[in-house]
Amino acid sequence: MYKILTLNNISIVGLDRLPRDKYEVASEIQHPDAILVRSHNMHEMAIPPTLKAVGRAGAGVNNIPVARLSEGGVAVFNAPGANANAVKEAVLAGLLVSARNICQAWEAARTLTGTDKEIHREVEAQKKRFVGVELPGRTLGVVGLGSIGVQVANAALALGMRVVGYDPQITVQRAWALSAQVEQATNLDHLLSQADFLSLHVPLLEATRGLINRERLRNIKPEARLLNFARAEIVDEDAVVDAIEEGKIAAYICDFPSNRLKGHPQVIALPHLGASTYEAEENCAVMVVEQIREFLENGNVQNSVNFPDAVLPRTDSWRLAIANANVPTMVAQISTHLAEAGLNIIDMLNKSQNDLAYTLVDVDRPIPKYLVDGISAVQGMLSVRAL
Ligand SMILES: NC(=O)C1=CN([C@@H]2O[C@H](COP(=O)(O)OP(=O)(O)OC[C@H]3O[C@@H](n4cnc5c(N)ncnc54)[C@H](O)[C@@H]3O)[C@@H](O)[C@H]2O)C=CC1
Ligand SMILES: O=C(O)C(=O)COP(=O)(O)O
């Protein structure tokens, strides 16, 4: 029997994929083989010696001591993309609600008192007070073009917005899922200065903690609205509240309430609802449960954040994927780079998907990182990955 400890409520649709005759699942269990978790903070927790895997039924793994688990040989899995649509819809709601001051207006209208005549007089005053803005032509800046950022960027185009994205490490898969109409900025500060709405979709890492700080907020337009459905710590809350009070930004819409934000009229803070739809909860649970099963029963690794290639079967060719590269001059430059490094091309295939051209290059030996960097530096190249 495999023992599975659940630290949060995990959708029953996912748990039902664990056969009862092989798995014991409980929120309190001794000697677990695997842990299933959502946002529960595992950093203070002792790692059970029997533990082999942790499955995060969601995207962010900042609540999980990945380094400590890796040292102990415990594989950590997450569910990339499984809740991206849910977050995209929450962000779109935030965008529309803030553009039209819906929350503040609803709150004000809800508490109107007096006769109908008095209420109608007050309605006229509120109409003036809560005048909003329309989205077409306004610029949405999207920071982080991963599963969620790409979906948010593509969806905002349908609202008529100009969309500019920023992600210095966009993967090839994301690059071709991104609509060609989305512009890409190479500099975060440049993006911030253009945005009427700014939406954050980066993971919480040391490099992204306080990414939107006092200095960066000075770069943002005073009428800009900041949306944070990523993690609270990515934004310096003190700086954001000060910026709002000083009229340096218009609003902060986030998924993370706190004492600092409490009661502020230009702040909307939701109770971490981004991934809370039945669909997303089911998708995440099913994906992560299948991965844990595959790992425990067959030793196969899929979507692990810390346990990558070592146990994956090695193929006899190595593949480089290059977005936006099937232009003859670029192909020639790439071939030169590879030849100079002594790599022989086995196959080179030009493809295109969603208006994005890319080239797959198979070579006969491992691709050193300096070569990937060299090819990335070829002018006009969008993204290069060794797969
Ligand atoms: N509010 C909620 O309920 C939810 C919040 N999240 C948060 O959103 C984050 C993103 O989720 P996904 O899109 O699924 O992850 P993802 O891993 O697919 O995408 C993250 C992207 O951010 C980029 N990135 C990293 N550092 C960056 C930087 N300094 N500047 C610009 N881009 C940078 C990466 O290259 C990657 O493309 C999660 O890590 C999680 O913290 C995710 C799901 C639900
Ligand atoms: O997937 C993520 O990163 C989330 O933030 C969702 O968290 P949750 O599973 O809803 O507690």
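The numbers here are math on the coordinates, done by the rules we state, and not lab data. What you see is a predicted model, and the numbers here were worked out from it, not measured in a lab. Heads up, the Cβs are rebuilt from the backbone with ideal geometry, glycines too, and the neighbour counts pull from every protein chain shown.
Summary of computed values
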item	result
Local net charge near GLU215, Cβ-Cβ under 11 Å (Lys/Arg +1, Asp/Glu -1)	+1
For segment 267-281, Karplus couplings with θ = phi - 60° (6.51, -1.76, 1.60), whole Hz, Gly/Pro x	10, 10, 10, 8, x, 6, 9, x, 9, 8, 10, 4, 5, 5, 4
Distant-in-sequence amide H partners of LEU36 (H built 1.01 Å from N, under 5 Å)	LEU5, THR6, LEU7, GLY55
Peptides 129-140, 250-261 ordered by average Cβ neighbours within 10 Å, highest first	250-261, 129-140
Relative contact order of the chain, pairs being alpha-carbon contacts under 8 Å that are 6 or more residues apart, as %	16
Among 183-190, 207-214, the order from most to least packed when residues are scored by Cβ within 10 Å on average	207-214, 183-190
Listed peptides 298-305, 273-280, 41-48 by packing density, highest first (mean Cβ within 10 Å)	273-280, 298-305, 41-48
Value of [θ]222 nm, deg cm²/dmol, for the chain, DSSP H segments ≥ 4, -39500 (n - 2.57) each, nearest 500	-10000 deg cm²/dmol
Spacing of the two label points (7 Å from each Cα toward its C-beta) at VAL372 and HIS190, in nm	2.4
Principal-axis tilt of helix 116-129 within the chain, Cα atoms, nearest 10 degrees	50
Nonlocal amide H pairs with VAL76, under 5 Å, H built at 1.01 Å	VAL54, VAL305, ASN306, PHE307
For segment 192-212 versus segment 256-311, the gap between their alpha-carbon centres in whole angstrom	20
Whole-Å semi-axes of the ellipsoid equivalent to segment 120-172 (Cα gyration tensor, √5λ, descending)	35, 10, 9
Between helix 84-99 and the chain: long-axis angle, C-alpha atoms, 0 to 90°, nearest 10	20
Chain lengthening between LEU349 and ALA93 when straightened (0.36 nm per residue, less Cα-Cα)	88.1 nm
Assigned charges on the beta-carbon of Lys, Arg, Asp, Glu; the chain dipole about Cα centre (debye)	460
Kirkwood-based shape ratio for the chain, expressed as Rg/Rh from alpha carbons	1.03
DSSP beta bridges in the chain [antiparallel fraction, %, rounded to 5]	35
Karplus (6.51, -1.76, 1.60) ³J(HN,Hα), θ = phi - 60°, over segment 142-151, in Hz, Gly and Pro reported as x	10, 9, x, 10, x, 3, 7, x, 5, 5
Among ALA86, VAL131, LEU205 - extreme Cα towards positive end, dipole of the chain, charges at beta-carbon	VAL131
Neighbourhood charge, 11 Å Cβ-Cβ cut-off, centred on LEU145 and excluding it, Lys, Arg +1 and Asp, Glu -1	0
Fraction of alpha-carbon pairs over 20 Å apart in segment 84-269 - percent	54
